[in-house]
1. Show the residue pairs that are 6+ apart or on different chains and have beta-carbon atoms under 9 Å apart, the first residue being within the range B:94-120 and more than 14 Å from every other protein chain (Cβ to nearest Cβ) and at positive phi, the second being at pLDDT 80 or above and not in a strand (DSSP E or B).
2. Among residues belonging to the range B:232-253 that are surrounded by 23 or more Cβ atoms within 10 Å (Cβ to Cβ) and within 19 Å of B:VAL335 (Cα to Cα), point out the one that is nearest to the other protein chains (Cβ to nearest Cβ).
3. Being hydrophobic (A, V, I, L, M, F, W, C) and either more than 14 Å from chain B (Cβ to nearest Cβ) or within 56 Å of the chain's Cα centre (by Cα) (or both) narrows it down to one residue among A:ILE10, A:ILE35, A:ILE70, A:ILE24; which is it?
4. Which one is farthest from B:TYR363 (Cα to Cα), of the residues in the range B:251-276 that are in a loop (DSSP other than H, G, I, E, B) and among the small types (Gly, Ala, Ser)?
5. Take B:ASN328 and tell me if it is surrounded by fewer than 22 Cβ atoms within 10 Å (Cβ to Cβ), within 30 Å of B:ASP95 (Cα to Cα) and at pLDDT 90 or above.
6. Any idea which of (1) in contact with a helix residue (DSSP H, G or I) (Cβ under 6 Å, 6 or more places away or on another chain); (2) within 9 Å of chain A (Cβ to nearest Cβ) is the one B:VAL142 doesn't satisfy?
7. Can you pull out every residue in the range B:281-300 that is touching a helix residue (DSSP H, G or I) at 6+ places or on another chain (Cβ under 8 Å) and β-branched (Val, Ile, Thr)?
8. Out of the residues in the range B:203-230 meeting the condition of being in a loop (DSSP other than H, G, I, E, B) and not polar (S, T, N, Q), tell me which one is nearest to the other protein chains (Cβ to nearest Cβ).
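The values are calculated or read from the model by the stated rules, or taken from the named source; none is laboratory data. Being a predicted model, the structure only gives us computed values, none of them experimental. With ideal geometry, Cβ positions are generated from the backbone for all residues, glycine too; neighbour counts draw on all protein chains shown.
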Amino acid sequence: MDKLINDFSIGLFFWQSLVFLLLIFLLRRYAWKPILNAVNEREESIEGALKAAEAAREEMKALQSNNEAIMKEAREERERILKEARDMKNTIVAEAKETAVAEAEKTVVAAKAAIEAEKAAAVAELKNQAAVLSIEVAEKVLGQELSAENKQAAMISKMIDEVKIN
Amino acid sequence: MISKFTAFSAFVGLMFFSAPAAAQDHGHEDAHQEEVHHDDAHHEDAHAVEMHAEDAHGAHADHSEGHGHGEFVPASDTEGRKSVVKETVEHHLADSYEFHIVGPVGFPLPVILYDNGLKVFSSAKFHHGESVAEVDGQYYMVHHSKIYKTDAEGTITYDEHHHPTNEKPLDFSITKNVFMIIFMAVFMFFLFRGVAKTYKNSLVPSKAGRFLEPLIVFIRDEIAIPNIGEKHYKRYMSFLLTIFFFIWFLNLAGMTPLGVNVTGNIAVTVSLALMTFFITQFSGKKDYWMHIFWMPGVPVLLRPVLAVIELIGLVVKPFSLTIRLYANMLAGHVVIMSILGLIYIFASYTAAIPFTGLTLFLYVLELLVAALQAYIFTMLASLYFGAAVEEHDHH
């Protein structure tokens, strides 16, 4: 300890402190600040570039997924439209079928009715014709038969017989 | 975190790997002056003895230190050689008024004394500590790396503890350590301003910035932010960065053969620790003081006791910062030079080879310690700042 104190030189202490303080201020002004600023600036620019790249990548990813979503939507839309069209076609066809069947039925019914009516008319006509013909025939037959007396008598008796049978 | 740290330490280690080799070359030239026969075995210590010759005449009154400096001590005189090594190590670690490089090469530094007025003169006047310098009718003498006021003959008197009793003037000299501090400050200023300038053209570092920027980012991301927090760390970055590089570079400078021992000097580490201490106290928030003087969540009777303990802790923190850095760097230098000194003491090839290897190993270890101590100091400083600005959520 005695030696330490003896070795201590006030002059050296003075110069050391003075020079060192000066050195700190000079270096701060001319070296450390510019160097640290440059290093900071560089680090920030590197960080900024990295962040920008990351952001771009994220954006790309988002864009890609967006595209995919749009594609998917489009596909779905197409499916939907196709399905709708198919359904529409089916309904139209079904409806058309129904209408056709109904129409056909209606026609058949009408035709049947017409046939019936025609038939009835024809039968009535035939009946009338038959009645007229019968009367004419009867008139002619009767005219001929009843021209003789005996034939009239025979006729009457025959008729009476017939009634008896009935 | 650890792996990053190891990586940069290893890098620094490689950068300075060639330094021990340079130290040995340096010693080789001096060996001739001594006429030592075991040339190879005496590289380092030959240099050491020569260096010590500087204060040979300055300390002539001090006979208890044993053998004269710069004289040839025979290998059989183990005790004599031991004391040479001891003195060499001490001299190497001490501050100096001149910058000695190699052999006779070096330059004097300005001496600034305050002794009834400011006195500025060149340390060349001391003639490497050999003679008395006369300035404005006053006489000064260097003794054990300190300036004392003496008479015209340079007489130094001692008390019973062998401490000089001569008056010491207030000494603000630009010593070797001060010179290194200023040199390192200028070097750091231009280095980091240069790095800062490269960012003007592009945000990518170039040249030295490629190596230094990861360290700056390391201090920010691994030291400042985890310890201080995102919110406050920016205010302390200048201090933390400056102190880290300052300590680290000066530690590394200490590993060169120039014998610079700035961070292993108590005055320097006290200054650094005191700055950390004052920044911590001045940035202390309400919570910080509350935790020191009136600890919440503890029985009231216990609170004054804790306050005493906390106050002791407050003082111990800068003290531990001071001693940790000082002792680590000093110890590293002492160990390396002592092991090199063993070669001189044993004076044989059998000793030279393993001890050189061991020195190399310790040298590499010291390079790691140089970075580690800078890291630890910065880490602890940021830890203290973090505690000062921390805001507790009270329950």
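1. B:ASN116/B:PRO169
2. B:LEU250
3. So the residue among A:ILE10, A:ILE35, A:ILE70, A:ILE24 that is hydrophobic (A, V, I, L, M, F, W, C) and either more than 14 Å from chain B (Cβ to nearest Cβ) or within 56 Å of the chain's Cα centre (by Cα) (or both) is A:ILE70.
4. B:GLY264
5. In short, yes.
6. Every condition holds for B:VAL142 apart from (2).
7. Result: B:ILE292, B:VAL298.
8. Applying the filter and picking the extreme gives B:LEU203.
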